[in-house]
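Asks: The structure's right below; bear with me while I get my questions together.
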Amino acid sequence: MSARIGVIGDFVPGFEPHEAIAAAVGHSADALGVEAEVEWLDTPSVEAADLSEFDALWCAPGSPFKSLEGTLHGIRFARERNVPFIGTCGGFQHAVIEYARNVLGFADAQHAEYDPYASLLFVSALSCSLVGQTMSVRLEPGSRAAGFYGATETSERYYCNFGLNPEHHARLDEGGFRVVGSDQDGEARVLELPGHRFFVATLFVPHTSSSEDEPHPLISAYVAERAGVLVANASAASRSKSP
């Protein structure tokens, strides 16, 4: 089995949250015994790209992106076509905007990094920057995310200054894009879309803590879903090389 993964984002050489994506996919693919390749899609090119060529899509960290519309187009494609998708850091933020605009009907939903004075900010500046921090995340029991981790609490690294505006937390959750992971203050850290084969967004950057000996369980579940491996085996695969 193999998977071709398209990464939506404007690649910056030497930027750890970018460089770590291909490495993390490789760690999980090796542990699962499958093949996977990563191809970056710069955001201005996404609208014209044939996204059907990819088995899965990933929206990367690194916003603001060169093309907001290209980014949202790629996320919408994955959501509507049932294509396995993960959004990390900036990818989380843009998944929120795409859902607010195209599902909840808030056409003017905006991200503060693009327009801090917009009237309807679904993504706003965090009260404190999380860049470089490692913090605990509580996962909702029974959620798919908790199943992928095999736990209801984990510790994750961050590289962000923006997140879901708490004013719209309930609106997003009740509208179907469920908040299944939060920090100690109850602020959203993991979102998942029930009914979709794999649509998960994390404000943290799980791929940066993956290693050859310990592939990250969430990335393993993502690779497994597209490569045809039982997702239930993904968490075990992530621990298979541990001492």
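Asks: Inspect the range 204-212 for any residue being buried (at least 23 other Cβ atoms within 10 Å of the Cβ), farther than 14 Å from T88 by Cβ, touching a Lys or Arg at 6+ places or on another chain (Cβ under 9 Å) and at pLDDT 95 or above and give the result as yes or no.
Replies: no
Asks: For a quick check of your reading of the model, give me the residue pairs whose first member lies in the range 42-67 and is under 21 Å from Y222 (Cβ atoms), whose second is part of a loop (DSSP other than H, G, I, E, B) and aliphatic (A, V, I, L, M), with beta-carbon atoms closer than 8 Å and at least 6 apart or on different chains.
Replies: Matching pairs, first to second residue: L51/V83; F54/V83; D55/V83; A56/V83; L57/V83; P61/V205; G62/V12.
Asks: Within the range 149-164, is there a residue that is in a loop (DSSP other than H, G, I, E, B), touching a strand residue (DSSP E or B) at 6+ places or on another chain (Cβ under 9 Å), under 18 Å from Y99 (Cα atoms) and not aromatic (F, W, Y)?
Replies: No, the conditions are met nowhere in the range 149-164.
Asks: How about the range 124-144: which of its residues are more than 14 Å from T88 (Cα to Cα) and either part of a loop (DSSP other than H, G, I, E, B) or in contact with a Leu (Cβ under 7 Å, 6 or more places away or on another chain) (or both)?
Replies: L126, S127, C128, S129, G132, Q133, E140, P141, G142, S143
Asks: Okay, moving on. Suppose we filter L130, L164 for residues that are buried (at least 17 other Cβ atoms within 10 Å of the Cβ), touching a residue at least 24 places away in the same chain (Cβ under 8 Å), out of contact with any helix residue (DSSP H, G or I) (no Cβ under 9 Å at 6 or more places or on another chain) and not β-branched (V, I, T); which single one remains?
Replies: Every option except L130 fails the conditions.
A quick yes/no check of all residues on (1) surrounded by fewer than 18 Cβ atoms within 10 Å (Cβ to Cβ); (2) under 24 Å from R189 (Cα atoms); (3) out of contact with any Gly (no Cβ under 9 Å at 6 or more places or on another chain); (4) not hydrophobic (A, V, I, L, M, F, W, C):
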position	(1), (2), (3), (4)
V12	yes, no, no, no
A22	yes, yes, yes, no
L41	no, no, no, no
E80	yes, yes, yes, yes
T88	no, yes, yes, yes
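Asks: Might you check whether a residue that is among the charged types (D, E, K, R), more than 21 Å from T134 (Cα to Cα) and free of Cβ contacts under 8 Å to residues at least 24 places away in the same chain occurs anywhere in the range 180-202?
Replies: So far as the range 180-202 goes, no, none of its residues is among the charged types (D, E, K, R), more than 21 Å from T134 (Cα to Cα) and free of Cβ contacts under 8 Å to residues at least 24 places away in the same chain.
Asks: Could you pull out every one of the helices (runs of 4 or more DSSP H) wholly within the range 1-102 that has 3 or more residues that are under 17 Å from R226 (Cα atoms) and at pLDDT 95 or above?
Replies: 16-32, 68-80
Asks: Based on this model, can you work out whether G9 counts as within 20 Å of Y159 (Cβ to Cβ) and not hydroxyl-bearing (S, T, Y)?
Replies: It is true that G9 is within 20 Å of Y159 (Cβ to Cβ) and not hydroxyl-bearing (S, T, Y).
Asks: Among the residues of the range 182-203, which ones are closer than 26 Å to P116 by Cβ and either surrounded by 15 or more Cβ atoms within 10 Å (Cβ to Cβ) or at pLDDT 95 or above (or both)?
Replies: Within the range 182-203, S182, D183, E187, A188, R189, V190, L191, A201, T202, L203 meet the criteria.
The values are calculated or read from the model by the stated rules, or taken from the named source; none is laboratory data. Here the structure is a predicted model, which is why all the values come from computation and not from measurement. Methodologically, a virtual Cβ is constructed for each residue, glycine included, from the backbone with ideal geometry; neighbour enumeration extends over all protein chains shown.
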